[in-house]
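Have a look at the structure below, then the notes.
The values are calculated or read from the model by the stated rules, or taken from the named source; none is laboratory data. Since the structure is predicted, the reported quantities are computational estimates derived from the model, not experimental observations. Note that we place each Cβ from the backbone using ideal geometry, even for glycine, and neighbour counts take in every protein chain shown.
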Amino acid sequence: MATILGSSGLCVLLWLMFENRECFLGAWKSRHWKSTSAQITDIQDHIYLSDVFTKYSGSSVVERKSRTYTFCYVVNDASYQSNRYAFDDSLIKGESDIRKGDKVTIFYDPINPQESVVIRGLSLNIVWMPLLVLYVLLWTLWHTV
């Protein structure tokens, strides 16, 4: 039984990591990216309607908001533009107190300067599900042996 649970858990863990491989790899590599100053050139607010089903209230529509920032920066006398805030796909992107024209620190890939983010590295949004699966897998294996 432990072998089946272990194999199943490992498959789920690998699938989760494979599904988010671009986020994982980009976030992992960005830990060593260089920083520079960028200027916010555009801010767009987005509203998403999503269906949510709960055990107690049934199906309902929830309004979610996000904000996308476009920023420009210069590396080695070349201008670049990006709107990637972080590598995770969370709906909450950015800080509400940032205004158009503000200067922010961004991080860019020195090998490929058009790749940049405001928040670099791994975030909890990227790793929580694989860590949870790993925890359950290890706990199950430990208690079935």
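Before moving on, here are some points about what is shown:
- Test for Lys65: is it at pLDDT below 80 and surrounded by fewer than 16 Cβ atoms within 10 Å (Cβ to Cβ): yes
- Just one residue in the set Asp51, Asp42 is touching a strand residue (DSSP E or B) at 6+ places or on another chain (Cβ under 8 Å), modelled with pLDDT of 75 or more and part of a strand (DSSP E or B); that residue is Asp42.
- Ser60 hydroxyl-bearing (Ser, Thr, Tyr) and either over 15 Å from the mean Cα position of the chain (by Cα) or modelled with pLDDT of 75 or more (or both): yes
- For region 90-144, taking the residues that are in a helix (DSSP H, G or I) and among the polar types (S, T, N, Q), the one that is modelled with the lowest pLDDT is identified as Asn125.
- Members of region 73-87 that are surrounded by 14 or more Cβ atoms within 10 Å (Cβ to Cβ) and farther than 12 Å from Tyr108 by Cβ: Asn83, Tyr85, Ala86, Phe87
- Criterion violated by Ser79 - all others in (1) within 20 Å of Asp42 (Cβ to Cβ); (2) modelled with pLDDT under 70 satisfied: (2)
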